[in-house]
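**Student:** This structure is in structure tokens; I'll ask about it shortly.
Computed from the coordinates by the stated procedures, all read-outs in this text should not be read as laboratory data. Predicted, not measured: the structure shown is a model, and the values here were computed from it. Counting neighbours? That spans all protein chains shown, and the Cβs are built from the backbone with ideal geometry, glycine included.
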Amino acid sequence: MTHPLLKVTGLKKAYGAIQAVGGVSFDVMPGEIFGVIGPNGSGKTTMFNSVLGQIKPDAGEIELNGQSISGLSPLALSRRGVGRTFQTLQVFGKMTVRDNLIVAAQEHQGSMLSRMFAPGDSGLGDRADALIDQFRIRHVADTLAGTLSYGQQKLVDIAMAFMAQPALVLLDEPCAGVNPSLVGGISTLLKELNRNPKLGRQSSFVVIEHNMDFVMDLCHRIMVMVEGRVMAIGTPAEIRANKEVLDAYLGN
Amino acid sequence: MKLLQHKMGLACTLAIAALLLVAPQYLKNYGVYLLSYWLVFVIAIMGLNLTTGYAGQKSLGHAAFFGIGAYTVAILMKAGFSFWLGLPAAALICFFVGLVLGFPALRVQAIYLAFATLGFNTAIWLVMRNEEWLTGGTFGINNIARPSLLGFSLEGNRPYYYFVLAVTLVMAGLLWGLLRSPWGKAFKALRDNPIRAESLGIDIRNYTLLSFAIGAAYAGVAGALFASLVQFIEPAPFTVGASIMMYLMVVVGGAGYFLGPVLGAAVGVVMPEWMRDVPGVAAWYLPIFGAAVVLMMVWLPDGLLSIPDRLKERRAAREASALRAAKAAKMKAES
């Protein structure tokens, strides 16, 4: 019996009278790609930010590998192997693509003092290059990230979340604003990273996304959120066949 | 490409260093004094460039650290201590006061942080002006001696210049090393996007505090050298106005460019002194300077050293559009 990698129990968060997240529970298994869908305002991002320590939930327990991570800061979570991307682009605009990747992992090794005397690339150059090749952004590796097109920045943004070889990555709308031809590319990349043989272990994802084809193709299981509550959790086939979900969200 | 840039940067630095080494042979006494004055500001502005240009923490209190450094040396030397104790003491005291000033930066950013640091500068300036028992008030402290090093007197303007130059090169070398280490990347990440930085495991609290502390230590060293250079200090050079001028020097040279402070300090302190002796220009210096800054903010907001990058970007854009035009022409011909 394998234990869940991420276990969220009874998560609640209210903004004034509005219950953004009202008692959400779910498990993510090791190696699983777990999709989260639901209409705008259904509490997906609030749930995300609560799990990631960006905001403080009113109630609920969050466990990573059986250990409580409730109330930990984004910094502490990152050091424990939880990576994330944001809904909007968040790259370091005035740094090169390669430096964006290196800085995304350098703080995970050594002490602050030892990093003062470490080489500029912290010995992470090879790992950065591997991701640069995998994401096919070699031709812009030495370009300032802020000068790239939206799609290229999105790729850099996603690649950064994987630099520190996290066990769990939470992706908030990886396809938002990306042109349709790139959506397939991102899906392929995420599948590769999920199985990543070089790491010797699988990494698990939680993915918020509105693009249904993308979610149904990529995710092993999907959670549907409506008005801060879990409407259904199941495989893509089960979700597609769920009458309640069809009525509330997917439509005909 | 990047290697070439590094090599060019290194070549530039070496060329400037060589020039500075021989310059005093061709200058009169006052010229040598002015060069030392400039280098002192280069050190101070390097520190502010770290805090503001690299780490993105907008500080309008840098002249206060410069002043704390100067008064530390002056007071210690008046009490009979050696300059060689005063110099590291100035750096250390500024480091820790800078660390403390970093705390507001953890809560407020941008213009609000600028106001907080401005308040700090005013408070320090008031201490310098009002606490006569310690600082001599508006009369200041005079007859600050220049030190001697290993038996060589640094009393003359020329020897003192070479001493200041050596300290400048050491401070520049240290900063260069720091910025090339992972710390440099962490500072830039903090500047570009603190929220993302934190989510990647970068301890933005520590880096914010240290960007202030290290920047302040540079101002402390500069202040110590300043006190011994001008040999008389009073509160006037350490006002909020001076801090704003220092910020301007960072911006004019190019915030976040390693050699920015070299240019910025030249424009900020050498040019006005030099133009004071040019008949007809002296009275117009400030208005011309003001107008130049306004024009620069409009057309060159990233400073003088951004010009090469600008040109490179323009060339790349031109090449890209030429390529597109060629492609379009080809498609037209084929259809």
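**Student:** Ignore the peptide's own chain and count Cβ atoms of other chains within 10 Å of each Cβ in B:230-238; give me the average, rounded.
**Tutor:** What the average comes to for B:230-238 is 0.
**Student:** Something else about it: Which residues' amide hydrogens lie under 5 Å from the amide hydrogen of A:ARG229, considering only partners 5 or more residues apart or on another chain, with H built in the peptide plane?
**Tutor:** When sequence neighbours closer than 5 places are left aside, the close amide H contacts are A:GLY22.
**Student:** How would A:ARG98, B:ARG314 line up from fewest to most surrounding beta-carbon atoms within 10 angstrom?
**Tutor:** Fewest-to-most ranking of A:ARG98, B:ARG314: B:ARG314, A:ARG98.
**Student:** For A:LYS12 and A:MET216, what does the FRET efficiency come to when R0 = 30 Å and r is the distance between their Cβ atoms, rounded to the nearest 0.05?
**Tutor:** That gives a FRET efficiency of 0.55.
**Student:** Next question. Read phi for every residue in segment A:150-162 and hand back ³J(HN,Hα) as whole Hz from Karplus 6.51 cos²θ - 1.76 cosθ + 1.60, θ = phi - 60°, with x for Gly and Pro.
**Tutor:** 4, x, 5, 5, 4, 5, 4, 4, 5, 4, 4, 5, 9
**Student:** Quick one: which residues, 5+ away or cross-chain, put their amide H under 5 Å from the amide H of A:GLU32? H built at 1.01 Å from N.
**Tutor:** Counting only residues 5 or more places away or on other chains, the set is A:PHE205.
**Student:** Continuing with the same structure: Tell me the label-point distance for the pair B:ASN143, B:LYS7, using the 7 Å Cα-to-Cβ offset, in nm and rounded to one decimal.
**Tutor:** My value for the distance between the label points is 5.7 nm.
**Student:** Helix B:157-180 against the longest principal axis of chain B: what's the angle in degrees, Cα atoms only, rounded to the nearest 10?
**Tutor:** 40
**Student:** Sticking with this one: Compute the separation of the alpha-carbon centres of segment B:109-171 and segment B:257-303 and state it in Å as a whole number.
**Tutor:** 23
**Student:** In addition: Ratio to report: Rg/Rh of segment B:27-240, with Cα atoms as the point set and Rh obtained by the Kirkwood method; give two decimals.
**Tutor:** 1.00
**Student:** Something else: Please find the FRET efficiency linking B:ALA291 to B:GLU319, where r is the Cβ-Cβ separation and R0 is fixed at 35 Å, and quote it to the nearest 0.05.
**Tutor:** That gives a FRET efficiency of 0.50.
**Student:** For segment B:193-210, what does the Karplus curve 6.51 cos²θ - 1.76 cosθ + 1.60, with θ = phi - 60°, yield as ³J(HN,Hα) per residue in whole Hz, taken in order and with x for Gly and Pro?
**Tutor:** Per residue, the Karplus-derived 3J(HN,Hα) values read 6, x, 5, 5, 4, 5, 5, 9, x, 7, 6, 5, 5, 4, 5, 4, 4, 6 Hz.
**Student:** Let me ask something additional. Principal axes first, then extents: for the Cα atoms of chain A, list largest minus smallest coordinate on each axis, whole Å, largest first.
**Tutor:** 55, 41, 40
**Student:** So how do B:113-124, B:59-70 stack up, highest first, on mean other-Cβ count within 10 Å?
**Tutor:** Put in order of decreasing packing, that is B:59-70, B:113-124.
**Student:** By how many degrees, between 0 and 90 and to the nearest 10, does the Cα long axis of helix A:125-134 differ from the longest principal axis of chain A?
**Tutor:** 50
**Student:** So what are the radius of gyration and Dmax for the Cα set of the protein assembly as shown, in Å?
**Tutor:** 28.6, 92
**Student:** Divide by every residue of chain A the summed helix terms, -39500 (n - 2.57) for each DSSP H run of at least 4, and state the resulting mean residue ellipticity at 222 nm, rounded to the nearest 500 deg cm²/dmol.
**Tutor:** Dividing the helical sum by the residues of chain A leaves -9000 deg cm²/dmol.
**Student:** Along the charge dipole of chain B, pointing to its positive end and built from +1/-1 on Cβ of Lys, Arg, Asp and Glu, which listed residue (B:GLY69, B:LEU259, B:ALA322) has its Cα farthest out?
**Tutor:** It is B:ALA322, whose Cα lies furthest towards the positive end.
**Student:** On a 0 to 90 degree scale, rounded to 10, what angle separates helix B:2-22 from the longest Cα axis of chain B?
**Tutor:** Rounded to the nearest ten degrees, it is 30.
**Student:** Further question on the same structure: Compute the relative contact order of chain B as a whole-number percentage, counting only Cα pairs closer than 8 Å that sit 6 or more residues apart in sequence.
**Tutor:** Dividing the mean separation by the residue count of chain B yields 30 percent.
**Student:** Okay, moving on. Residue by residue, what Karplus-based ³J(HN,Hα) values in Hz, rounded to whole numbers, does segment A:230-245 have, using 6.51, -1.76 and 1.60 with θ = phi - 60° and x for Gly and Pro?
**Tutor:** Rounded to whole hertz, the list is 7, 8, 7, 10, x, 5, x, 5, 5, 5, 4, 8, 6, 5, 4, 5.
**Student:** Counting other beta carbons within 10 Å of each Cβ, put A:ASP247, A:ASP27, A:ASP172 in order, fewest first.
**Tutor:** Going from sparsest to densest Cβ surroundings: A:ASP247, A:ASP27, A:ASP172.
**Student:** How many Cβ atoms of partner chains, on average, are near each residue of A:120-128 if near means within 10 Å of its Cβ?
**Tutor:** Counting Cβ atoms of other protein chains within 10 Å of each residue's Cβ and averaging gives 2.
**Student:** So which residue, out of B:ARG318, B:ARG310, B:ARG107, gets the largest mean-square fluctuation from a GNM of chain B using Cα contacts under 10 Å as springs?
**Tutor:** B:ARG318
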